[in-house]
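Taken together, the values in this text are just the output of simple stated rules run on the coordinates, not laboratory data. This is a predicted model, so every value here is computed, not measured. With ideal geometry, Cβ positions are generated from the backbone for all residues, glycine too; neighbour counts draw on all protein chains shown.
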């Protein structure tokens, strides 16, 4: 009887292991299924009840991939992907690049939102400067890169104007609160203090499936 119980326990343990392995395999397969331009409605983060999707993140993905890839080309022009796989400061560069893109999106959304709530807006001259930046950004993208992102040109203009308003709000905070302007930029202490005090949900089931270094490159 005792021997039978041991055999049953072993069988149950083996069955549980098989289930866990199947779940892991399914999870890995599921992660690989994300095609960015076909997944734009997926929610990346929720900021104080407001959903920001991969559509909202697309501009920042392209921007961050371009910035990091400049370093990748210096590191190894013959194999820039080698740079993306470097593990430094506790995480892979492709992960830190993704997190940077997400943080930029949240920063600009929050600052532009706060600026609008306070009645702030861009002047005609400021709008024109933002639109020029958007046009330059869009024109620098190849047709393949545009298709990979899946967003229209108008979205780039929208994001660039949001960035402009966010920058204007950062300058306002700098003038009124007296802290260094850099403190209100991404990576700055004032911004990180505000961000960390907010109700932000990171949807890692989506974020973990973003393979930075392969979307527009």
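Counting pairs of alpha carbon atoms under 8 Å apart in space and at least six apart in sequence, what relative contact order in percent does the range 34-207 give?
Details: 176 pairs, mean separation 53.2, N = 174.
Relative contact order for the range 34-207 comes out at 31 percent.
Once the Cα-Cα distance is subtracted from the 0.36 nm per residue extended length, the residue 182 to residue 87 segment shows a gain of 31.5 nm.
Normalise the Cα radius of gyration of the range 105-217 by 2.2 N^0.38 Å (N = residues in it) and let me know the number.
Numbers: Rg = 16.0 Å, N = 113, 2.2 N^0.38 = 13.3 Å.
Expressed relative to 2.2 N^0.38 Å, the Cα Rg reads 1.21.
As a calculated quantity, the FRET efficiency between residue 145 and residue 120 at R0 = 22 Å, using C-beta atoms, amounts to about 0.10.
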